[in-house]
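Below: the structure, in C-alpha cells.
The values are calculated or read from the model by the stated rules, or taken from the named source; none is laboratory data. Worth saying up front: this structure is predicted, and the values here are computed from it rather than measured. Virtual Cβ from ideal backbone geometry, glycine too; neighbours counted across all protein chains shown.
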Amino acid sequence: MRSDARRNREKLLDAARRLLAERGHEVSMEQIAAAAGVGLGTLYRNFDSKQAMLADVVRERYQTLIEFAGRCEQIDDAAEGLRAVFEGYLQIAEDDAVFRYAMLGEELDWHDVGEHKALFAGHVERIMRRGASAGVLRDDITFADFPMLVCGVLATMHYQPGPRPDWRRHLALTMRAIMP
C-alpha cells in the first residue's frame, strides 16, 4: 500500500473511532470522511461499509488483546493469570468506546474478526482451564462464560454516568463470584 493511501486509511480509522465513540452507530460514512479530511471515494476504496470499518477497528483491538492474553498465559500463578486477563481485557476496553459498543451488541459481522477472536479465546480458555485445575476458578465456569462476565462489567462503563465509572468494583464482585 502506498504511504499516502496508508495515511488516508489511518485518518479514516481515527475519525471512525472518534465519531463512533462520540455518536454511536448513527454516524454516517459521509461524516467519517469529512472528519478524516478525505473524500467519499477514498473512504469507499478502503471500506465498502461502516460494518467493514467497525470490523477493522475491532480486529485491531483484538490483536492487542491476543498479545496481552499471551502474556497473561505465561504468568506462573493461576489465580494471578486469571485476574490479569479479566482486568487487562477491561482496562483495554475502558479506553476504546468503539470496542465496548461492539462487545455490547453493536452491529458487527463477527465473521470478519473470527480468526482474531479465536486466537484470543484460545489464550483465555487455557488460562481458565488452568485456573479450574488449580482450584482457583469454580469448575462450572468455562470460557463460554467469559463474554457474559466481561460484558456485565463493560455495561458499567457504558451506562454508568460520570467520567470514570466504578467498573473495578463490579469486576471485584465478579471475580469473587467465580473464584472459590
> Just one of Leu65, Leu20 is over 30 Å from Arg176 (Cα atoms) and either outside any loop (DSSP other than H, G, I, E, B) or of a type outside the set (A, V, I, L, M) (or both); which is it?
Replying inline: Leu20
> If you go through region 35-62, how many residues are closer than 17 Å to Glu115 by Cα and at pLDDT 95 or above?
Replying inline: 0
> Scanning for something in contact with a Phe, Trp or Tyr (Cβ under 9 Å, 6 or more places away or on another chain) and at pLDDT 95 or above, does region 154-163 turn up at least one residue?
Replying inline: no
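Does Ala15 satisfy the condition of being in contact with a Gly (Cβ under 9 Å, 6 or more places away or on another chain), assigned to a helix (DSSP H, G or I) and not basic (Lys, Arg)?
Working: in contact with a Gly (Cβ under 9 Å, 6 or more places away or on another chain): yes; assigned to a helix (DSSP H, G or I): yes; not basic (Lys, Arg): yes.
Criteria met by Ala15.
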> Residues Leu149, Leu119: which one is closer than 14 Å to Tyr62 by Cα, modelled with pLDDT of 85 or more, among the aliphatic types (A, V, I, L, M) and assigned to a helix (DSSP H, G or I)?
Replying inline: Leu119
>> Out of the residues in region 128-180 meeting the condition of being among the charged types (D, E, K, R), more than 23 Å from Gln74 (Cβ to Cβ) and over 19 Å from the mean Cα position of the chain (by Cα), tell me which one is surrounded by the most Cβ atoms within 10 Å (Cβ to Cβ).
In response: Arg138
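Only one of Val136, Val124 is modelled with pLDDT of 95 or more, in a helix (DSSP H, G or I), not small (Gly, Ala, Ser) and not assigned by TED's automatic domain parsing to the domain that holds Glu26. Can you tell me which?
Answer to the selection: Val124.
For residues that are part of a helix (DSSP H, G or I), modelled with pLDDT of 80 or more and surrounded by 17 or more Cβ atoms within 10 Å (Cβ to Cβ), tally how many sit in region 84-97.
Filtering region 84-97 down to residues part of a helix (DSSP H, G or I) leaves 84-94, 97.
Now drop any that are not modelled with pLDDT of 80 or more, which leaves 84-94.
Keeping just the survivors that are surrounded by 17 or more Cβ atoms within 10 Å (Cβ to Cβ) gives 84-87, 89-90, 93-94.
Within region 84-97, residues that are part of a helix (DSSP H, G or I), modelled with pLDDT of 80 or more and surrounded by 17 or more Cβ atoms within 10 Å (Cβ to Cβ) number 8.
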